[in-house]
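See structure below.
The values are calculated or read from the model by the stated rules, or taken from the named source; none is laboratory data. Here the structure is a predicted model, which is why all the values come from computation and not from measurement. Neighbour counts are summed over all protein chains in view; Cβ atoms, including those assigned to glycine, are modelled from backbone coordinates with ideal geometry. Keep in mind that these areas ignore ligands, DNA and RNA; they rest on the heavy atoms of the full protein, side chains included. Shrake-Rupley method; radii C 1.70, N 1.55, O 1.52, S 1.80 Å.
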Amino acid sequence: MGIVNVTPDSFSDGGRFLDASDAIAQGLRLREEGADLVDVGGESTRPGAAAVPVEEELRRVLPVVEALAKEGIAVSIDTMKPEVMRRAIDAGCAVVNDVYGFRAEGAMEAVARAGVGVVAMHMQGTPGTMQKEPRYDDVVAEVTQFLLERAHALEAAGVARARIVLDPGFGFGKTVDHNKQLFRALPQLASHGYPVLAGVSRKKMIGDFTGRPAAERTAGSVAAALLAVQNGASIVRVHDVKETVDAINVWMELK
Ligand code: 9MG
């Protein structure tokens, strides 16, 4: 899954693709580089980010979703808002990626009958507050329980089991130690039978391990994506598609 942020304030590529034509060009480039899915987001979810009004989010993402879908690209919409989900589905998106795990009122109904794929992610708190003081007694058990509960709620709302992807939400209300524990537990999470998505690309955790700023975290991010796949992730959400695809292809040939 390649990332297209149509936002002025993403931590890793803030403002580069705010213009719709730049965002569309980036989506096409990511497909050429080997992305199977392009994730389009119009509201930053970086720690401390402020919420964006629904009309502004729609203005940012809809032309991009529509243009990429028309090109035959499988588009996923990164949003927490049911109205954005509905309009993006009408515009042709194939997957809804909700970092809030479909907890907003009307979110499950927005996807239930549409026949789209869904990514339900775990987040403690909200983007505005989540990194203030993340706390768990047992992060792996609590995140797993939350995700299975969301999956069952989605199924009860009418989403086919085969369309549900689970995501532990690296960096979303987690310390580096929480992230490490969750990363090592990916095989356990995958064992429940739902595909697992891992998103670690250019995140603070990679910066903590390498000492590098976001723009210089490609090698660290590729290493983490590769390890996530080895640990059972079916989808990796990445900025650096070409490098990640190369690494995975080499590993597949040599393993
Ligand atoms: C939007 N977004 C930012 N980071 C993410 C992650 O780790 N997973 C998913 N599903 N979405 C993310």
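Among all positions in the stretch 202-220, there is no residue which is of a type in the set (Ser, Thr, Tyr), within 13 Å of the ligand (Cβ to nearest atom) and open to solvent by less than 80 Å² (accessible area, probe 1.4 Å).
Any residue at all in the stretch 74-84 that's more than 17 Å from the chain's Cα centre (by Cα) and of a type outside the set (Ser, Thr, Tyr)? The answer is yes; a qualifying residue exists.
Counting only helices (runs of 4 or more DSSP H) wholly contained in the stretch 190-255, the ones carrying 2 or more residues that are in contact (Cβ under 8 Å) with a residue 40 or more places away in the chain occupy 218-230, 241-254. Please find, within the stretch 74-98, the residue that is farthest from Arg161 (Cα to Cα) out of those that are among the β-branched types (Val, Ile, Thr) and open to solvent by less than 10 Å² (accessible area, probe 1.4 Å). Ranking the candidates gives Val84 first.
Per-residue answers, yes or no, for (1) over 15 Å from Phe102 (Cα atoms); (2) free of Cβ contacts under 8 Å to residues at least 12 places away in the same chain; (3) in contact with a Lys or Arg (Cβ under 7 Å, 6 or more places away or on another chain):
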{"position": "His122", "(1), (2), (3)": "no, no, no"}
{"position": "Gln131", "(1), (2), (3)": "yes, no, no"}
{"position": "Arg135", "(1), (2), (3)": "yes, yes, no"}
{"position": "Glu142", "(1), (2), (3)": "yes, yes, no"}
{"position": "Phe146", "(1), (2), (3)": "no, no, no"}
{"position": "His152", "(1), (2), (3)": "no, yes, no"}
{"position": "Glu155", "(1), (2), (3)": "no, yes, yes"}
{"position": "Ile164", "(1), (2), (3)": "no, no, no"}
{"position": "Pro168", "(1), (2), (3)": "no, no, no"}
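Close contacts from the stretch 23-50, counting a first residue that is free of Cβ contacts under 8 Å to residues at least 24 places away in the same chain and a second that is away from the ligand (no atom under 16 Å from the Cβ), with Cβ to Cβ under 6 Å and a gap of 6+ residues or different chains, come to none at all. Look at (1) surrounded by fewer than 22 Cβ atoms within 10 Å (Cβ to Cβ); (2) more than 25 Å from Val4 (Cα to Cα); (3) hydrophobic (A, V, I, L, M, F, W, C) and you find that Phe183 fails only one, number (2).
The residue of the stretch 26-47 that is nearest to Pro134 (Cα to Cα), among those that are of a type in the set (Gly, Ala, Ser) and within 14 Å of the ligand (Cβ to nearest atom), is Ser44. Does any residue of the stretch 116-126 turn out to be part of a helix (DSSP H, G or I), within 27 Å of Arg184 (Cα to Cα) and either within 13 Å of the ligand (Cβ to nearest atom) or modelled with pLDDT of 95 or more (or both)? Within the stretch 116-126, none of the residues are part of a helix (DSSP H, G or I), within 27 Å of Arg184 (Cα to Cα) and either within 13 Å of the ligand (Cβ to nearest atom) or modelled with pLDDT of 95 or more (or both). Among the residues of the stretch 145-178, those that are open to solvent by 10 Å² or more (accessible area, probe 1.4 Å), assigned to a helix (DSSP H, G or I) and within 16 Å of the ligand (Cβ to nearest atom) comprise Phe146, Arg150, Arg163, Val176, His178. The one condition from (1) open to solvent by 20 Å² or more (accessible area, probe 1.4 Å); (2) modelled with pLDDT of 95 or more; (3) β-branched (Val, Ile, Thr) that Thr129 does not meet is (2).
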